[in-house]
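The values are calculated or read from the model by the stated rules, or taken from the named source; none is laboratory data. What you see is a predicted model, and the numbers here were worked out from it, not measured in a lab. Don't worry about glycine lacking a Cβ; one is built from the backbone with ideal geometry, like all the others, and counts go over all protein chains shown.
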């Protein structure tokens, strides 16, 4: 009887230790039936990705690809799937490139995943959160989903494969979203092509349980289609014609000229937004999206890595992060006061190849 008491106490202690250690981890990995479950576990930071998280994600995702039937990725807490990358870490000249290198490798693995990869994008999903979801086969949005690529506001550009997926959205929608950082919510995220299914948040736990029992992709597909609910009309539908026309222009200046011709509430608001963005970022972003339309995901990520490394070395990205996220004075002093000041040499300088030993290599390369 006494021995049994000791064993019970010891096993209880082990359980407590295991629970405590998993609670401390910034990303959790569990097996549920046939599924590998990833939980991004920094709810107070809206599950923003840091170097520690992406360093753990890369080998685990690679390992599970040959061991599981499917992988589900979700965010801890009620507010966010993943609000992006930890940009305060990313602006560091030495830490930044290391973080981007691993993060982009994770994006590449997701984009080439051989088994169903299902992202539950419930809540805020921005920047790096889209990199953790949009390249996978299935992306499930809920009424709480809010997506955006707001990088031009902080002196960066839509990375994590943004140059690959944004130009491939319908009717120049991706160029509009990438340059303005506009947000889409709920069923709009499916209408835009960023999510594949729409399921109410109250049903997500049930969906996770049933998905974990699936034995092949046909079952996964069928189950997701059963849970998928009818969509409301796309909120941008009245503006699609103008988005397609304005954002087909070959330069930022011409986009602005076309917006000025439209002259309605939407175009006035869009012009105001563009004038708040970093001029250098707008020009670099447009060029990256134009080139990305002709490249595969791996090539896009390699291009973006050059841009990201240069961003950590230049003025605008650290300054944007300072103004909007550190000092929060919302008064960034950009390198260029206007679009006219941003010349072609400056933009092209970002795209130049890095020294061979500094170029992005994929840890699981099949390029």
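Residue check: residue 65 meets all listed conditions (1) within 24 Å of residue 363 (Cα to Cα); (2) surrounded by fewer than 20 Cβ atoms within 10 Å (Cβ to Cβ); (3) modelled with pLDDT of 95 or more; (4) touching a helix residue (DSSP H, G or I) at 6+ places or on another chain (Cβ under 7 Å) but one, namely (4).
Please specify each residue of the range 204-215 satisfying the condition of being surrounded by 13 or more Cβ atoms within 10 Å (Cβ to Cβ) and either in contact (Cβ under 8 Å) with a residue 24 or more places away in the chain or in contact with a strand residue (DSSP E or B) (Cβ under 7 Å, 6 or more places away or on another chain) (or both).
Answer for the range 204-215, where residues must be surrounded by 13 or more Cβ atoms within 10 Å (Cβ to Cβ) and either in contact (Cβ under 8 Å) with a residue 24 or more places away in the chain or in contact with a strand residue (DSSP E or B) (Cβ under 7 Å, 6 or more places away or on another chain) (or both): 204, 207, 208, 211, 212, 213, 214.
Among the residues of the range 122-163, those that are outside any loop (DSSP other than H, G, I, E, B), farther than 16 Å from residue 196 by Cα and over 12 Å from the mean Cα position of the chain (by Cα) comprise 152, 153, 154.
Looking across the range 127-147, just one residue is under 15 Å from residue 188 (Cβ atoms), in contact with a strand residue (DSSP E or B) (Cβ under 6 Å, 6 or more places away or on another chain) and surrounded by fewer than 23 Cβ atoms within 10 Å (Cβ to Cβ), and that is 146.
Against the conditions (1) touching a helix residue (DSSP H, G or I) at 6+ places or on another chain (Cβ under 9 Å); (2) outside any loop (DSSP other than H, G, I, E, B); (3) closer than 27 Å to residue 162 by Cβ, residue 223 satisfies every one except (3). Residue under question is residue 289, and the condition is that it be part of a helix (DSSP H, G or I), in contact (Cβ under 8 Å) with a residue 60 or more places away in the chain and within 22 Å of the chain's Cα centre (by Cα); does it hold? Considered against the rule, which asks whether it is part of a helix (DSSP H, G or I), in contact (Cβ under 8 Å) with a residue 60 or more places away in the chain and within 22 Å of the chain's Cα centre (by Cα), residue 289 comes out as yes. Among the conditions (1) more than 14 Å from the chain's Cα centre (by Cα); (2) farther than 25 Å from residue 296 by Cα, the only one that residue 117 does not satisfy is (2). Does at least one position in the range 71-87 carry a residue that is modelled with pLDDT of 95 or more and part of a helix (DSSP H, G or I)? Scanning the range 71-87, I find no residue that is modelled with pLDDT of 95 or more and part of a helix (DSSP H, G or I), so the answer is no.
Here residue 233 meets the list (1) closer than 25 Å to residue 126 by Cβ; (2) in contact with a strand residue (DSSP E or B) (Cβ under 8 Å, 6 or more places away or on another chain) almost entirely, failing just condition (2). Looking across the range 177-196, the residues that are touching a helix residue (DSSP H, G or I) at 6+ places or on another chain (Cβ under 8 Å), within 30 Å of residue 34 (Cβ to Cβ) and surrounded by 18 or more Cβ atoms within 10 Å (Cβ to Cβ) come down to 194, 195, 196.
Cβ-Cβ distance below 6 Å, separation of 6 or more or different chains: which pairs start in the range 271-284 with a residue that is without any contact (Cβ under 8 Å) to a residue 60 or more places away in the chain and end on one that is assigned to a helix (DSSP H, G or I) and buried (at least 22 other Cβ atoms within 10 Å of the Cβ)? Between residues of the range 271-284 that are without any contact (Cβ under 8 Å) to a residue 60 or more places away in the chain and residues that are assigned to a helix (DSSP H, G or I) and buried (at least 22 other Cβ atoms within 10 Å of the Cβ), the close pairs are 271/259.
State yes or no: is residue 237 surrounded by 14 or more Cβ atoms within 10 Å (Cβ to Cβ) and at pLDDT 95 or above? No: the conditions fail for residue 237. Of all residues in the range 256-263, one or more are exposed (fewer than 14 other Cβ atoms within 10 Å of the Cβ), over 30 Å from residue 360 (Cα atoms) and at pLDDT below 95.
You will find that of 345, 357, the residue that is under 30 Å from residue 112 (Cα atoms), free of Cβ contacts under 8 Å to residues at least 40 places away in the same chain and either part of a helix (DSSP H, G or I) or in contact with a helix residue (DSSP H, G or I) (Cβ under 9 Å, 6 or more places away or on another chain) (or both) is 357 and no other.
Of 173, 169, which residue is over 14 Å from the mean Cα position of the chain (by Cα), free of Cβ contacts under 8 Å to residues at least 40 places away in the same chain and over 22 Å from residue 351 (Cα atoms)?
Of the residues listed, the single one that is over 14 Å from the mean Cα position of the chain (by Cα), free of Cβ contacts under 8 Å to residues at least 40 places away in the same chain and over 22 Å from residue 351 (Cα atoms) is 169.
Of all residues in the range 330-353, which are farther than 25 Å from residue 271 by Cα, surrounded by 12 or more Cβ atoms within 10 Å (Cβ to Cβ) and more than 24 Å from the chain's Cα centre (by Cα)? Answer for the range 330-353, where residues must be farther than 25 Å from residue 271 by Cα, surrounded by 12 or more Cβ atoms within 10 Å (Cβ to Cβ) and more than 24 Å from the chain's Cα centre (by Cα): just 349.
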